[in-house]
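Engineer: Handing you a structure now.
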Amino acid sequence: MRNFLLLCLLVFFLVPDTRAQNPVEVKEKQPELPKDSIIQQTDTLKKKRTAYINPGKVAGRRAVFRSLIVPGLGQIGNGITVYRLAKVAGIYTGATLLTLSYIDNNRNYKLVLEELEYRAKTPPDQLDPTRLLANRQDDGLILAKDTFRRNKEVIVFSFIGLYLLNAVEAYIDARLKYFDVGDIAFKVSPGMIATDAPVYGYNQSLPGLKLTVKF
């Protein structure tokens with residue numbers, strides 16, 4: 001038994017420690033980048049993040065905003081030309097005509113309505129024959145009242161349509177101002193057009209115009 005214990009102690013001290021054989025992982029230290037390269041990388045990222053701004057879309061939004069505030073201001077903001085001034089004049093001419101038409105229909109509507117209310121409150125034998133619409137029948141007055149009322153509604157919708165058309169036209173004009181047609185060219189030249197119906201056995205040609213489009 002004594003010899004067995006001595007043998008165990010001898011084996012314990014002679015066997016090498018296996019933990020020392022495990023490799024130790026050493027983290028390599030990454031080299032530091034110079035400050036100039038860091039600044040260049042930051043500038044590159046900022047340039048990539050910069051969004052493209054469409055000048056036509058920006059101008060179109062401004063034109064719509066101006067036209068909604070003051071009709072015709074969007075067209076003038078796109079640039080003063082004879083064509084744009086003519087469009088502004090057309091907008092205000094249409095608005096003036098619609099205003100005059102509304103005033104006229106509203107006056108006639110009130111006149112007819114007043115006559116109908118007077119006849120409804122007054123007995124037939126006490127009606128005043130000197131009134132302006134005394135010789136008109138009741139059915140004709142009712143029809144006229146409905147017509148004048150309908151005309152007023154149509155004029156109001158026409159006002160709204162003219163107002164919106166003014167803003168839409170200003171937007172389209174602003175977008176087309178920045179629209180690049182590239183190298184598109186048009187050429188109109190005289191030419192002869194052959195017909196399928198022969199005259200005296202010969203094919204007949206007629207003069208015409210030839211349109212050439214180049215891209």
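Engineer: By the scheme Lys and Arg +1, Asp and Glu -1, what is the net charge of all other residues having a beta-carbon under 13 Å from that of residue 169?
Structural biologist: Residues near residue 169 contribute +4 overall.
Engineer: Hey, with R₀ at 35 Å, roughly what FRET efficiency would residue 158 and residue 187 work out to, going by the Cβ-Cβ distance, to 0.05?
Structural biologist: Between residue 158 and residue 187 the formula returns 0.25.
Engineer: Taking H placed 1.01 Å from N in the peptide plane, check which residues at least 5 places from residue 191 or on another chain put their amide H under 5 Å from its amide H.
Structural biologist: Correct list: 208, 209, 210.
Engineer: Please state, as a whole number in µm²/s, the translational diffusion coefficient that the Stokes-Einstein equation yields for the range 56-178 at 4 °C and 1.567 mPa s, with Rh defined as the Kirkwood radius across alpha carbon pairs. Please report the intermediate quantities before stating the final value.
Structural biologist: Numbers: Rh = 17.3 Å.
Diffusion coefficient, whole number: 75 µm²/s.
Engineer: What are the ³J(HN,Hα) couplings of the range 126-131, residue after residue, when phi is run through the Karplus curve with 6.51, -1.76, 1.60 and θ = phi - 60°? Round to Hz, x for glycine and proline.
Structural biologist: 10, 5, 7, x, 8, 5
Engineer: Still on this model: If I stretch the segment between residue 118 and residue 57 completely, what's the gain in nm (0.36 nm per residue apart, minus their alpha carbon distance), one decimal?
Structural biologist: 16.1 nm
Engineer: Then there's this: For the range 56-178, compute the number of Lys pairs whose alpha carbons are separated by less than 25 Å, excluding pairs fewer than 8 positions apart on the same chain.
Structural biologist: Pairs that pass both the separation and distance tests number 7.
Read-outs throughout are calculated quantities, based only on the coordinates presented, and are distinct from any laboratory measurement. Note that the structure is predicted; figures quoted are calculated from it, not measured. With ideal geometry, Cβ positions are generated from the backbone for all residues, glycine too; neighbour counts draw on all protein chains shown.
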